Structure formats: C-alpha cells, structure tokens
1. Within region 236-267, how many residues are without any contact (Cβ under 8 Å) to a residue 40 or more places away in the chain, outside any strand (DSSP E or B) and under 13 Å from Ile312 (Cα atoms)?
2. Report, ordered by the first and then the second residue, all pairs with beta carbons closer than 8 Å, sequence separation of six or more or different chains, a first member in region 146-158 that is within 28 Å of Ala64 (Cβ to Cβ), and a second member that is acidic (Asp, Glu) and loosely packed, with under 15 Cβ neighbours inside 10 Å.
3. I'd like to verify a number: residues in region 212-232 that are surrounded by fewer than 15 Cβ atoms within 10 Å (Cβ to Cβ) and touching a Phe, Trp or Tyr at 6+ places or on another chain (Cβ under 9 Å), how many?
4. Regarding Ala130, is this residue in contact (Cβ under 8 Å) with a residue 12 or more places away in the chain, buried (at least 18 other Cβ atoms within 10 Å of the Cβ), within 21 Å of the chain's Cα centre (by Cα) and closer than 26 Å to Gly225 by Cα?
5. With the requirement that a residue be farther than 25 Å from Ser48 by Cβ and in contact with a Leu (Cβ under 9 Å, 6 or more places away or on another chain), what does region 98-118 give you?
6. In this structure, does Glu248 turn out to be under 17 Å from Val193 (Cα atoms) and either surrounded by fewer than 16 Cβ atoms within 10 Å (Cβ to Cβ) or β-branched (Val, Ile, Thr) (or both)?
7. Report yes if Leu169 is outside any loop (DSSP other than H, G, I, E, B), crowded, with 17+ Cβ neighbours inside 10 Å, modelled with pLDDT of 95 or more and touching a Lys or Arg at 6+ places or on another chain (Cβ under 9 Å), otherwise no.
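The values are calculated or read from the model by the stated rules, or taken from the named source; none is laboratory data. Not measured: the values here are computed from a predicted model. Because the Cβ atoms are built from the backbone with ideal geometry, glycine has one as well, and the counts that use them run over all protein chains shown.
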Amino acid sequence: MRHRSLAILSTAAVAALALAGCSSDGADEAADPSADAGGADLCAAAVSAGDAIDAVEVSGDFGAEAKATFDSPLEATEIERKVIIEGEGDELEAGEYVQYAATVFDAETGEKLGTEGYDEGSALPAAVEAENVFGQVLGCATPGTRVAFTYPGQTAEDGTATAGQVYVLDFVETTPTAAWGEDQDAPEGLPAVEVADDGTPSVTLPDDFSAPDETEIATLKEGDGDVVEDGDTVFVQYLGVQGSDGSEFDSSWSRGAPTSFATDAVIEGFTKALVGQKIGSQVIAVIPADEGYGASEGHDLQDETLVFVVDILDSMHAAG
C-alpha cells in the first residue's frame, strides 16, 4: 500500500510553500534557460546554501517530526537550502506532484510553529515546478531526501507581516497523475472506457444508452489506498461527457493537471462516486439529471445525464 499524501503546513507556513513563482538570487543564477523540461530544470532550479541555513543544525529521523537548532534571531533574507539526508530512486521532474512532511520554525525566535504531513490523510500532494518553492528547495531530489531551508519574512498587501521561517522538509514520494489500481471487469450496459498510455480516458456510449433512475457507479480500477470519507477533500483527475451525445463538457485532463475539491461541495452523483472508494481507483458514474444539475435553474446541463470517469489520486480528511 502506498503512503498517504503529506502536504500543506501550518497556517503560518501555508503562504510560504504555496507561493508559486517565488524566486531567490541563487535560483536565478543557477537556472539554465536552455535546459529541457524535466529533471534538468529542477537540478538547475535548486537554490544554494548560505550562512543562514548553514547555521541550522537538524536532528530526527526521516518521516518523523524534526528538530532544528539555531541561534535566534536568524537572518533569513532569502531562500537558502541544504540537504540533510540523501534519498534514492528516480530524480524528481518538473510537473510531478510530491507527498511530503515538514516541521516549521520561527526564524526570529526559534519557536516551532507547527508540523504537517506526518499523519495519514492530513493533506494533499503539491505540484513541483522550477519556478515555485518546492522546485527550488527540492531540486531534482530523490524520494527519501530531507532538506532544510530558510524562507524570508513577508508582508501581505494588507500590511500583515510574517516572520522568516526555517523548514525541515521530507520528500516521501511522488503521486501518480492517473489511477494505478487493478483492472476490474466492467458491468454490462455502462459506457465503455478506454485509457490512453498517459492515462487519459475516453468514453463511448452504448447504442441503447438511457438515463438511470439514480446514479450508477462501477469501479474500473481498484486502488490500494485508504477509503475516501464523506467530507474529505480529494485530489483527482476526471472526464465528464454528456449522455445525450457523448461530447466532453469538463475535464481535468484537457486542462493538463489534476484538481482537488471537497466531496460535499459537488453534485450529488459525483459525491456518490467518490465516497467509499479507495485511493488509486478509477470509477465511472452515470448520473441522472436529478442527481446532477437538475436543480440548477438555467444551467446548460440541467436536463443532461452526465457520465464521469474519475481517477482518485489522494484524499485529505476533513478537520475535526
């Protein structure tokens, strides 16, 4: 069984790690604009060490809460990183999604601000690009890598200031962008699903297709992960087609990236398709209008039967 996702940090740290496009002098100097997309970009994107991060001593086992010791206040004026533990396996590539765990400290006081990702179901995977913080601090790291890095203080548009921080981040593994579960026999009468080499699904409606009285669901691939619970936030890929003519009306695949949303914030039939399924599964759902957009007066799909193919890649449990 795969590990669960390890993602977003404490409230004080969310803005820092989620801030796409943040750069530092080290990243700009190292980047090679002629490099091809993929691992080479991330190797070049990794920021360098510096006096601030070199003054931080890190202890603790990989995958468990870390301890960072340093003289405070620590002058953290830019992102600096150093590798604490070298991992092994395939190098991280731009565009992949990582599961990680981290401990974050206040650079001015040395106080631990919080941890995230050490408990199952606590967060979702994060995208890695050469231009965002994850790419800059992980570079082309391999799973099992632990890095420590500094993040400078920030001032929001409303004037709210956030002190500089020190992170210890563990790169656990990458998350696939398509379902990896074991193929299951599809029930007769449902639309046929074909999957391309990259995982993109396509749907063919049967000649005698008609709307069911209530949502019909079948598992096409059964995953090996935890079960999605009501109220979870899921990380998925999906394709939606109209039952009237098979035309696509929505697709994360067409947008080029997985997406996330709460199971209780979507149409009733989609919720039914998600709750109770295992992570790693691919599910098909045929949703009648009454459990789709039937109650949405004036919606383009108000009278449509909807067919969704959903790859469930991860899930974060609701707080509480």
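1. So the answer is 2.
2. Final answer for the pair search is none.
3. 1
4. no
5. Gln99, Gly114, Thr115, Glu116, Gly117, Tyr118
6. The answer is yes for Glu248.
7. Considered against the rule, which asks whether it is outside any loop (DSSP other than H, G, I, E, B), crowded, with 17+ Cβ neighbours inside 10 Å, modelled with pLDDT of 95 or more and touching a Lys or Arg at 6+ places or on another chain (Cβ under 9 Å), Leu169 comes out as yes.
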